[in-house]
Structures are given as structure tokens and as C-alpha cells.
1. How long are the semi-axes of the equivalent ellipsoid of the range 329-570, defined as square roots of 5 times the Cα gyration tensor eigenvalues? Whole Å, largest first.
2. Restricting the count to DSSP beta bridges whose residues both fall in the range 329-570, what percent are antiparallel, rounded to a multiple of 5?
3. So for the range 329-570, taking the charge dipole from beta-carbon charges (+1 Lys/Arg, -1 Asp/Glu), which of Ala442, Thr570, Gly381 sits furthest toward the positive end?
4. Using the Karplus curve 6.51 cos²θ - 1.76 cosθ + 1.60 with θ = phi - 60°, what ³J(HN,Hα) values do you get for each residue of the range 316-332, in whole Hz, with x for Gly and Pro?
5. In terms of Cα to Cα distance under 20 Å, which lysines are near enough to Lys543, apart from those fewer than 8 places away along the same chain?
6. Can you give me the C-alpha center-to-center distance between the range 254-311 and the range 346-403, rounded to a whole angstrom?
7. Could you work out the percent of alpha carbon pairs in the chain separated by over 33 Å, rounded to a whole number?
8. Calculate one ³J(HN,Hα) per residue across the range 247-259 by plugging θ = phi - 60° into the Karplus curve 6.51 cos²θ - 1.76 cosθ + 1.60, and present them in order as whole Hz with x for glycine and proline.
Amino acid sequence: MTRTPQRVAMLAAFFALALFVAACGSSSNNTSGVKSSAGQKIPQGKQGGDVTVLSAGDVDYMDPGQMYYTFGYMIGYSVNRPLYSFKPDNATKPVPDIAASEPQISSDQKSITIKLRTGVKFSPPVNREVQCKDIKYAMSRVFSANVPNPYATGYFGTIQGAPKTPAKGIPSIPGIQCPDPTTLVLKLTQPKAATVAAALVMPLTMPVPEEYAKPFDAKNPSTYDTHVAFTGPYMVKNDAKGNLTGWKRAKSIELVRNPNWDKSTDYRPAYLDAIHVDEGNADSTVASRRILNGSHLIQGDGAPPAPVLKQAATRFKNQLVLVPAGGTRYVAMNTKIKPFDNVNVRRAVFAIFDRNAMRLTRGGPIVGDIAWRYIPPGIPGFDEAGGLNPPTDPSLDFAANPAGDPAVAKKYMLLAKQQGVPVTADGKYAGKEKLLTIATNADPGKKSAEVAANQFEKLGFKLNFREVTQDALYTKFCGVPKAQVAICPNVGFFKDFVDPESFINPTFNGEAILPANNTNWPQLDDPSINKAIDAAAILAPGKQRDEAFAKIDLDITKLAPAVPWLWDKTPLIESKDVQGVADNYSTVWHLSFTSDK
């Protein structure tokens, strides 16, 4: 729907909000004594009980081969186990999960050998022990067009025989080998073993039993999403045929104990007996207040809106945790759609953006630092690209002022006019089309999108502004190129693992653009950027690699495919009778460590 009729009221409400949340702090370090998950100690929990997760939307997928949304991870990592994963207090050092030990890397960096843990079993109706063949099938199916995966080619494309484009059916990949039931070997075409090994924490390494999943995977798209066999301490309630009866799309998810889970094989304590997910809580103010004042409730997707966050930071400090996210929020412009196919138009949009106002929609300085490029703090390459310092390169003048600079924006719009873009003499866009803008329907993301829309309107753009749930935003619109979305104001990318490639490759490499589950939301496809990413990706971890990706980060910023506006800290809230444990990797509550008090 078009937002123009509500624009004046929205702006008045926003400026009132700005005054209200200013008390949250005047610097990124002023959190008024609020707990941070950085350096947290994992507490001992109480066995038994249950909690209810309040969320606005749904998970993107239950299928580990497709999930990539933060809320999907919150559920996915409690019901399934990858080769390696992170304990909630350490997002930099992975630990063996289904793997039994550290990966063994050959001296030529072209081979990885992983020994698998014994005693890990699939949930009903599969009811058997996990073997190497299940990891092999899981890692093969994600190269199929039937199981669209956003990162398989980017992170695992150097496996010998891995298809360069999505295959018809499940491909046979000779570089994924099982010399025996408890040994997995990955053979690579390039010396990238260190970074491939780092990516073994990703959901696509969660085992999938071929004999059970193959009929579902034969369909396009695969229907395994609603028939998943689980390996974690919890499972989605199902029937004798494996139908996930406990998952009602956009309504609820019921997690129960996996009867085949053996605690002796897992580091997760899994205190709770049941976890209920109550979806459709689009009014995040009501939901957040229910959590803070209620019982046995925790936050799911989204975050408390700014006024409630201020209240939590002052009155409910023991129920609020800030998680350093290792991520960047940005507003993506589709470079395949006019006028955003013009770099000077995109630079003008970047220049006009009031990133201070955007940050206030989420709570002000308490939620993080204002961004101006894509690799975030805590990730190699961040300091090499300039750290928290503002840009000094004259060619990045459009990124220099976090409050926005109308004069610089006008300069770039007039340059675009010289290149044939319809622009008025005063630097406003003169095109008549309404640009499809897909926003999330729940605060604080909703308010962020409204403020973002106003920035575009400053330059004369007319928008077809639509609101959807956050999961639909990714799975049906912004992640689907054929949906022809011009502006995605509510996207963000968070660490897959601690490496700069994980922020640059899936998001800005033109070779990573996919017909579904796409995470290159601007659809940037610049040959020089693609080539630089491919060259940097084969460098060994260290200074040279970090500097190479830092340069790529700056070069992408100069192309302005998106407006980065926050390197954020994720606020999580819980009821007073819940002992939540924040996951520093996925920046959500870790369900397998959370307990009732």
C-alpha cells in the first residue's frame, strides 16, 4: 500500500519517538548497566518446564538445506545438529557437534577429513544412527534447484564436482566422500580448506537421510521442509509418517523432546521439556510488554520497539540482554531496476539518508554504531577498511554525513541527469513510476522502513509501499529476483562465521544471485567486484586476506548498492521467571540452554 497519506502523522510520531529514546544514551557505550552477552558465563539451569516464544512472523524454512533467516536459526539449531557449532558464550571458536573432533586439513589446503560422532540418531520416523552418507546427501542436495540454498556455491563451490549453477535433481558430487560410515572427506579444487572448514557450522551440514528425504526432494521445490527428520534435543511435533503436525505456518510451532536424543553425545543441556512458538504478534509493543510483565515468555523474531527498549533498559534491566551482533543492517536498492541501475542515483540516495534517524527507530546509540559500509565490527577486514572512523576518501563523500547531506545528494542526482535519468533542475527524480518497496509489518522494523521511505521521498521517488511479515519479506519478495522488488528497507546480514568472505560473497557477488533464497538483495553484478571476491577467497586467513576484503568492502561501498545504517547490538528480552541464555552466534535466545527459574 502507499504510505503517502500517513506520512505527516508518521513523521510527527517519529520525532516524538526521537525525543523519547534519546535517554537511551548519547554514545554507543552508554548502556546504563544493561547486561551484555559478551563475556557471559553460561548458568546452570533447572531441568523441566516450558517457555513460550512470542514472534511476529514465522521461520523461513524448517529444511536445514534452505534455512538462512535468524529466527530460522533459533529453531533450527535446537532441533538439528551440524558438523560443528558454537556454544552460546563463544561465536568465534566452533566446537565439534556431529563431528567427533577438529577437522583435519591437508598440507596443500585441498582436503578436509572429519571423523563423525557415534550414537547420534534421527528422530521418528527414521529412528536410526546418523552416518557419513547422511551428511554427504545433505551437502549434495543443496546444489539442486529443488533445494534452493543461498550460500552453497559461495562457500562450498570449490568441492570437486560441485555444480556451478543449481542442478536438476540431486547431483552426484565426487568431492564429497565417505570412506567409511564415520568418516567424511571433502576434496577441493582450490586451496580453500581453511575457509571451507570454517563454514562447516552452516545448517547445510545437518544430516538428511536419503532413503526418507529423496521422495520429497524429487519435487520442485522440495517438500522435505514439512517432513524433516531431526537430530537435536528437540523436534517439531509430528505424526507416524513424519508430517510436521506441530508447525502451523504463520501461527505456531510446537517443539517437544526428541525421544532418540542421547544427552551423552551432545554439549547442549536442553533443560526445557517443551517450547511453544506463538506467531502473528505483529504489534511488537504489546508483545514486548507481555514478555516483560508476564511469565515464561521470551522474544522470538524482531526486537522490542524503541519506547519499550528504553523501559526495559531502565525498569527491567535483569530481563534485557544486548548481544553484539556482528552484523550490518542496510536498505537495499535493486540495481536491475531503473533508476537504481544508475550508480549516481544510488549515491544520491546514500547521501540523503539520515542514518541517525534510522538508528533511533531501533532505540538510538544503545543498539549500536552507525554504519557506512558492510563488514561490521568484530570481523576481520573491519579495521583495515577504516574501523569506526568516518570516510575520508573524497569519492565516498556521499557516505560521510550520518545525518544526510542534501547538497551532496543533489550533486549526484544532477550527474545522473547528465546520464539520461529523468531529474529536475533542483535534483529531484522526475520519473512517474511507483517503486515496489517491501517492508516488515512489525516494529521496530516497520518504523525503520517508514523512515527509509521518507528518505527516498525527499529525492522525489514515488513508492508502492507494502508491509509483510519478515519471513515473507525474504522468502517471497526480497529473496526472489522475479518479484521485481525495487527497495528492501529491512534487510541485514549477520555473521555465518568469523571471516570477511561471509559478509561479502553471498551478498554482493553477482555469481551468487539465485532465483530463490537469494541474499544478494541489490543483485549487484559488477565483473570487477566478482573477480576481486574470487581472488580474495582463495587467500589464506591472515593480513593479506583481511586487507583484500577490506578493499572490496570499500569498492562496493563506492557503488552504493545499499545504504548501510547500523552495526548493531541485538536486544533480547525475557520474563522475570525465565533464565535465558543469549547465543552470541545467531544473536537470539539459545533454546537448548534456556530454562525456567
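1. 25, 20, 19
2. Given both bridge residues lie in the range 329-570, the antiparallel proportion sits at roughly 60 percent.
3. Positive-most Cα among the choices belongs to Ala442.
4. Running phi through 6.51 cos²θ - 1.76 cosθ + 1.60 with θ = phi - 60° gives 10, 4, 6, 10, 10, 10, 9, 10, x, 7, x, x, 9, 9, 8, 9, 8 Hz.
5. Lys93, Lys192, Lys495, Lys531, Lys551
6. 32 Å
7. 41 percent
8. Result, rounded to whole Hz: 10, 10, 3, 6, 10, 6, 9, 10, 9, 10, 4, 7, x.
None of the figures in this text is laboratory data; all of them are computed from the coordinates on show. Every value quoted in this text rests on a predicted model; they were computed, and no experiment measured them. Every residue, glycine among them, receives a Cβ derived from its backbone with ideal geometry; neighbour counts consider all protein chains shown.
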